[in-house]
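Since the structure comes first, as structure tokens, the remarks are kept for the end.
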Amino acid sequence: MLRILLLSVFSLTILYPLLWMLGVSLKDQKDMFARPWSIVPQEFLWTNFSKAWTVGKIGQSMGNTAFVTVVTLLFIVVFCYLASYALARIEFRGRKLILTLFISTMLLPIQIILIPLYRIQKSLHLIDSLWGLILPYIAIGLPISIFLMTAFLRSVPFELEESASIDGANRLQLIYKIMLPLSRPGLATVVILQFMTIWNEFPLALIVINNPELRTITLALSNFKGLWGMMDFNKLFAALVITTLPVIAMFIIFQRQFISGLTSGALKG
Amino acid sequence: MTRKLRNTWTAYLLLFPALLLFLVFVLIPFAYEFWISLHHWDGFGEMKYIGIDNYVALLKDEQFYLALKHNLLYALGTVFGKVVLALLIALLLNGAFRGVVFFRTVFFMPAVMSFVAIGILWQWIYNPSFGMLDAILVQLGIIKTPIQWLGQTSTALLSLIFVDIWRWTGYHMVLFLAGIQSIQKNLYEAAEVDGASAMQKLFHITLPQLKTIALLNIVISAMGAFNVFDIIYVMTDGGPYNSTNVLLTYMYKQTFGASNNVGYGTTIAFALFLIILAITFVQLRVSERDQRA
């Protein structure tokens, strides 16, 4: 009983701020000033949402973020699977070196190489383009993905490939028909882990994207805050709720995968 | 062609896209970063080679030490807060009872949100006139007048540390839960036969068995503390009076701010790189040990 009580108190410290966020997004300033602690608005101002959506161009920034995330994930899945297949299932010269290279860089944060990355992107004319986010996101997401995926592929029995190859399957068929269907759980882990990182990424987007049309969600939010956060924070909060809901909803639906994705990234990393 | 050689070609063909991108957007930037750090450069004009002058300047730079100190304090606060709280909650949450999935979901929820969203939310929670924190504290009679949590040097960094703990505790809790669930049941059975109490089981079996995972949690959160950027950029931007300036915000200001000192900025980044590298090394050793165990 004490356990439930303690847990309830702890969860209240999480839930209260989140519900407060929802409450503020539906209030007006007067209500806000009169009862700052309250969660339930006196009057539900749904127009905050529609206004935030149009004024803040939330739809556009959500679209940009979704585009960047989906394209990056597609490439990561393909590139990571191919590379991990080579590293896990083929004996070749330089294998150890390449694996070491990936493992030793997988925990380095993007922020550390922000400056040279910016210079390189400038010379490749990738500044102010969504590809300027996608390409580095793929590259930086690959080491840890490959690390996880290589470990996963190693655990698949080698006899499977051997018997298929005796039956006349070539390498391409082994990669595509035999191993790929078996790799789904591993790839799902990679996707969840990278989804979180890309969807929420901020520092690189901050320096690469200047064009308001190309803003991602995190950029749009931080921009709102500066522009009209002070006077119109109810709409700012509506924007906050709109952009946070998809991730929270996804998390609640795919809970198990989210948690195992994030933890295996840490445990094996 | 021998089979082995053919294999090598196949392998490199499969690795090619990954290696190419990795080379262009990870390896070359690292080398380039070190190269720039040996120059005086504003990012536009000529690069002037100055050897290790930037590093010498860095070692004499008070702002650098101040930022480093803030990173260390941040690490101290967040590591301690997150690990202790996460362990406590994980112990409470272990076992099957009604609501276990609900609690786990709630605790983990902040971990999926972006630090930008969380930063904005908490900036308003801390707001002395509209925020709920001061309102509640005043209502409960704990304080008389609202506190400027982010607006004064004495509380700003602490307030940021608290938000970090709020976000990540659930994540560390899940790691602890995984650790608790991997402890062999027969240890407890043997202890029960010997008549051990719940407390004895906790202190003599559970906690000692969690040592590796605790170390891992410490290393992960320490790494996060040195990488901290988003939340500070959004909530205080290093202020007030640089009281929350950390290495990355300092680097950002030097490079992309008014001073445009790109060469110096890379030097700060490189110093941070060395710190992260050291922590990474510990992390790899810990997880190696974890896998053997």
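Here are a few things to note about the model shown:
- Fully extending the segment from A:Leu12 to A:Ser38, taken as 0.36 nm per residue of separation minus the present Cα-Cα distance, adds 8.0 nm.
- Dividing the summed helix terms, -39500 (n - 2.57) for each DSSP H run of n ≥ 4, by the number of residues in chain B produces a 222 nm estimate of -23000 deg cm²/dmol to the nearest 500.
- Net charge contributed by nearby residues that have their C-beta within less than 13 Å of B:Val262 (K/R +1, D/E -1): +1
- The calculated FRET efficiency for the pair A:Asp128 and B:Asn186, based on their C-beta separation and a Förster distance of 60 Å, comes to about 0.45.
- By accessible area, using a 1.4 Å probe on protein heavy atoms only, chain A has 69% of its surface on carbon and sulfur.
- Accessible area, probe 1.4 Å, largest first, for residues A:Tyr16, B:Tyr65, B:Tyr250, B:Tyr49: B:Tyr49, B:Tyr65, A:Tyr16, B:Tyr250
- Dipole axis of the protein assembly as shown (+1 Lys, Arg; -1 Asp, Glu on Cβ), positive-most option in A:Met149, A:Leu236, B:Val163: A:Met149
- For the stretch B:184-293, accessible area per residue (1.4 Å probe, heavy atoms of protein chains only), Å²: 46 Å²
- Residue-level accessible surface for B:Thr212, protein heavy atoms, 1.4 Å, Å²: 30 Å²
- Computed over neighbours whose Cβ is under 12 Å from that of B:Leu187, the net charge equals -1, Lys and Arg +1, Asp and Glu -1.
- Apportionment of accessible area to carbon and sulfur, chain B, percent (1.4 Å): 66 percent
- Signed unit charges on C-beta, dipole axis of chain B, positive-most listed residue B:Leu272, B:Leu13, B:Phe108: B:Leu13
- Local electrostatic count, B:Ala96, Cβ distance below 15 Å [Lys/Arg +1, Asp/Glu -1]: +4
- Shape call, the stretch B:144-293: gyration tensor on alpha carbons, a/c limit 1.5: oblate
- HN-Hα J in Hz across the stretch B:231-246 - Karplus 6.51, -1.76, 1.60, θ = phi - 60°, x for Gly and Pro: 5, 6, 4, 6, 8, 10, 6, x, x, x, 6, 6, 6, 10, 5, 10
- For B:His39, distant residues with modelled amide H under 5 Å away: B:Ile50
- Accessible area ranking (1.4 Å probe, heavy atoms, ligands and nucleic acids excluded), largest first, for A:Leu2, A:Leu73: A:Leu2, A:Leu73.
- If only the Cβ of Lys and Arg carry +1 and only the Cβ of Asp and Glu carry -1, the dipole of the stretch A:76-154 around its Cα centre is close to 280 debye.
- Spatial separation of Cα centroids for the stretch A:39-109 and the stretch B:106-155, in angstrom: 29 Å
- Overall form of the stretch B:120-159 per C-alpha gyration tensor (a/c, 1.5; a/b vs b/c): oblate
- Sorting A:Ser260, A:Ser222, A:Ser25 by accessible area puts them as A:Ser260, A:Ser222, A:Ser25; the probe is 1.4 Å, largest comes first, and only protein heavy atoms count.
- Solvent-accessible area lost on pairing B with A (1.4 Å probe, both sides summed) amounts to about 8400 Å².
- Take each residue in A:133-140, count the other chain C-beta atoms within 10 Å of its C-beta, and the mean is 4.
- Computed from label points 7 Å out along Cα-Cβ, the spacing between A:Ala151 and A:Trp46 is 4.8 nm.
- B:Leu73/B:Ile143 FRET efficiency (R0 25 Å; Cβ-Cβ; nearest 0.05): 0.60
- For a modelled paramagnetic label at A:Ala188, 7 Å from Cα along Cα-to-Cβ, the residues of the stretch A:224-265 in reach, with backbone nitrogen under 20 Å, are A:247-265.
- With a Förster radius of 51 Å applied to the beta-carbon distance between A:Ala66 and B:Val193, the computed FRET efficiency rounds to 0.35.
- Rounded if a/c under 1.5, otherwise prolate or oblate - chain A, Cα gyration tensor axes: prolate
The values are calculated or read from the model by the stated rules, or taken from the named source; none is laboratory data. Keep in mind that what you see is a predicted model, and the values were worked out from it rather than measured. We place every Cβ from the backbone using ideal geometry, glycine too, and count neighbours over all the protein chains shown. Please note that ligands, DNA and RNA were not included when accessible areas were found on the heavy atoms of the full protein model with its side chains. Shrake-Rupley method; radii C 1.70, N 1.55, O 1.52, S 1.80 Å.
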